[in-house]
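Working notes, beginning with the structure itself.
The values are calculated or read from the model by the stated rules, or taken from the named source; none is laboratory data. All values derive from a computational prediction rather than experimental measurement. Please note: Cβ atoms are built from the backbone with ideal geometry, for glycine as well, and neighbour counts cover all protein chains shown.
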Amino acid sequence: MDIRVVGVFIARRLLGLVVLLLIISFLVFSLIYLAPGNLVDVLLGLGEKSPEVVASIRQQYHLDDPFFVQYLIWLGNAVHFDFGRSIMLNQPVTTAIAARMSVTLFLSIYGFIVAAVAGLVLGTAAALKRGTATDRGAVGIAIFGVSAPTFATGLILLWVFAIQLGWFPVIGAGDAEFGDRFWHLSLPALALGITGTALMTKMTRAALIESLDQDYINFARSRGVGGMRILFAYGLRNSLIPIVTAAGLVIATTLTGSVLIEQTFSLQGIGSLLISSINNKDIPVVQGTTMLIAVLVVVVNLLVDLSYFVIDPRVRMRGALA
């Protein structure tokens, strides 16, 4: 693999990532101006405020400077992970986010694993048994997963398995110990993974069917190559691009979908922090959490793009010719 080609490819993707993040950061910063009412009232609430407090807030947030100057100051601070102080919690925004990060990351990774494993299994089974009851059942699950709202699925799982059967805890994320947290987050992760399972199933099925219909597959069968080798060495291997694309979308879905799931299961994660901050008009926290989620989604998309470069020689060839 040509190191220069790899470097150029990565540099282009990073440049695009930086531009996209700058656009997102500008929109996130503008939240403070999109909120109704006076900026000081947005930041401090509608209660009585002394002139000293108002002057301090105006100085802290540079409200007397032009809009773009305020944005550049905010951006410079954000690059150093400084989003100001939470009005609601009276602590640095990064501290508030860090305290809840572990729950959201655990839930998102758990939900992604559920979606990826279940989607790959169902999609592969549907492709190998197309036209049968197995295929129709997998497609039906995919349709249900796409159609059902995440919070509604969560409520159903909560009512059946936690309230009626008592197999799982009703609320909370448990202790920091892995086993307890795994048990507490099993239902939320399953609810979060169902939508991702639908996407992985559909993409895996379609990609594998197209791959198994190619002439080289028929040639391999005629040479007596075993079915498992055909499936893994030829079928799935040549279906990696759409499968990896689906996996990237699933990661983004689990990150953003955790907002509703955390509310449903009363989990103290980034999503619940964002919702409570919106309700209390805690703009610095809203800006910080929104920017964090945006960065994570953009980084995931970058990693997916880079994976194309690794698994598909045609991408490397286009990169070399560009």
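Which numbered condition in (1) closer than 30 Å to residue 268 by Cα; (2) free of Cβ contacts under 8 Å to residues at least 12 places away in the same chain; (3) not basic (Lys, Arg) is the only one that residue 134 fails?
(1)
What are the residues in the stretch 99-140 that are under 19 Å from the mean Cα position of the chain (by Cα), surrounded by fewer than 19 Cβ atoms within 10 Å (Cβ to Cβ) and either under 17 Å from residue 198 (Cβ atoms) or among the charged types (D, E, K, R) (or both), if any?
113, 117
Considering only the stretch 114-127, I want to know if a residue exists there that is modelled with pLDDT of 85 or more, in contact with a Gly (Cβ under 6 Å, 6 or more places away or on another chain) and outside any loop (DSSP other than H, G, I, E, B).
yes
Have a look at 232, 265 and point out the one that is buried (at least 17 other Cβ atoms within 10 Å of the Cβ) and either of a type in the set (Phe, Trp, Tyr) or touching a strand residue (DSSP E or B) at 6+ places or on another chain (Cβ under 6 Å) (or both). Full working, then the answer.
Working: 232 fails: buried (at least 17 other Cβ atoms within 10 Å of the Cβ).
After ruling out the rest, the residue left standing is 265.
Pairs please, first residue from the stretch 195-215 and under 28 Å from residue 149 (Cα atoms), second anywhere and acidic (Asp, Glu) and assigned to a helix (DSSP H, G or I), Cβ atoms under 9 Å, 6+ apart in sequence or on different chains.
205/135
Against the conditions (1) closer than 30 Å to residue 174 by Cβ; (2) surrounded by 20 or more Cβ atoms within 10 Å (Cβ to Cβ); (3) among the β-branched types (Val, Ile, Thr), where does residue 300 fall short? Just the number, please.
For residue 300, the exception is condition (2).
Could you please let me know if residue 103 is of a type in the set (A, V, I, L, M, F, W, C), farther than 14 Å from residue 283 by Cβ, in contact with a Gly (Cβ under 7 Å, 6 or more places away or on another chain) and at pLDDT 85 or above? Step through it out loud before you land on a result.
Details: of a type in the set (A, V, I, L, M, F, W, C): yes; farther than 14 Å from residue 283 by Cβ: yes; in contact with a Gly (Cβ under 7 Å, 6 or more places away or on another chain): yes; at pLDDT 85 or above: yes.
Yes.
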